[in-house]
Amino acid sequence: MGAVKKTLVAVAMLGAGAGVGAALFALVTPGELQKQAMLKEMPEQNPQHREEAARTQKLVLATLQEAAATQENVAWRKNWMVGGGGRSA
């Protein structure tokens, strides 16, 4: 009988802990309006940030294309904006 009581107490404690956790999660989770406000504030929504990311991506792609077309080791370049001028391997 003692083992059954101990098991029921353990199950009750686990259930209470899960209930408290679920209640805290429900309190902390942002509402729909707050989610929309957070999405508007994200850097990806800023047009200037998007343009800068696109420009950086174009520079990386151009550097990779140039590296594939030449024998020069482009990783040694001091200025990535200018072609040539680095050590070659």
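Here, each number is a calculation from the coordinates, and none is a lab measurement. Predicted model, so just to flag it, every value in this text is computed and none were measured. Reconstructed Cβ throughout: ideal geometry from the backbone, glycine too, with neighbour counts over all protein chains shown.
Relative to the first principal axis of the alpha-carbon coordinates of the chain, what is the inclination of helix 2-28, with its axis defined by its Cα atoms, in degrees from 0 to 90 and to the nearest 10?
50 degrees
Under 37 °C and 0.692 mPa s, how fast does the chain diffuse according to Stokes-Einstein, given a Kirkwood radius computed over C-alpha pairs? Answer in µm²/s, whole number.
For the chosen part, D equals 171 µm²/s.
Identify all aspartates and glutamates with a Cα-Cα distance to Lys40 below 15 Å; exclude those on the same chain that are fewer than 8 residues away in sequence.
Correct list for Lys40: Glu32.
Identify, among Trp76, Gln48, Val4, the residue whose Cα sits farthest towards the positive end of the charge dipole of the chain, taking +1 on the Cβ of Lys and Arg and -1 on the Cβ of Asp and Glu, with the dipole about the Cα centre.
Toward the positive end, the furthest listed residue is Val4.
Only four residue types carry charge here, +1 at the Cβ of Lys and Arg and -1 at the Cβ of Asp and Glu. Report the dipole size of the chain about the Cα centre in Debye, rounded to the nearest 20.
Roughly 320 debye for the chain.
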